[in-house]
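The values are calculated or read from the model by the stated rules, or taken from the named source; none is laboratory data. Since the structure is predicted, the reported quantities are computational estimates derived from the model, not experimental observations. Positions of Cβ are backbone-derived with ideal geometry, glycine not excepted, and every protein chain shown enters the neighbour counts.
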Amino acid sequence: MDNLKPFQKGTDERRNVSGKNKKSPGLAELLADVLSQPSKGTSTANANLIALKNKAIKGDIKAAVWLFERANSKAKQSVQQEVDVSIKDAR
């Protein structure tokens, strides 16, 4: 407990006044890092796509649809919604 020091008044480099975690990378960076690591001579992303292709060949419809949509630039879907809000007089 001898190594504990109280915070200094004013600015202290140990304080995180912004509240952001400075050390953890974002999910996109972590995912890109994991997918770029080689696995038995090929990248993880490539191995996953090969596995997905094999599932599609064996009859997995979801795998086939996912591959087809990504290969053919999946069209953006739009949703149109109409809302009718009426307020009745409570008198």
* Asked: Checking SER39 against (1) among the hydroxyl-bearing types (Ser, Thr, Tyr); (2) at pLDDT 75 or above; (3) surrounded by 11 or more Cβ atoms within 10 Å (Cβ to Cβ), which single condition isn't satisfied?
  -> (2)
* Asked: So is ARG70 modelled with pLDDT of 75 or more and touching a Phe, Trp or Tyr at 6+ places or on another chain (Cβ under 9 Å) or not?
  -> no
* Identity of the residue in segment 32-86, outside any loop (DSSP other than H, G, I, E, B) and of a type in the set (Lys, Arg), that ends up nearest to the chain's Cα centre (by Cα) -> ARG70
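Just checking, which of GLY59, GLY26, GLY10 is surrounded by fewer than 10 Cβ atoms within 10 Å (Cβ to Cβ), under 30 Å from ALA71 (Cα atoms) and at pLDDT 75 or above? Working first, answer last.
On the way: GLY26 fails: at pLDDT 75 or above; GLY10 fails: under 30 Å from ALA71 (Cα atoms).
From the options GLY59, GLY26, GLY10, the qualifying one is GLY59.
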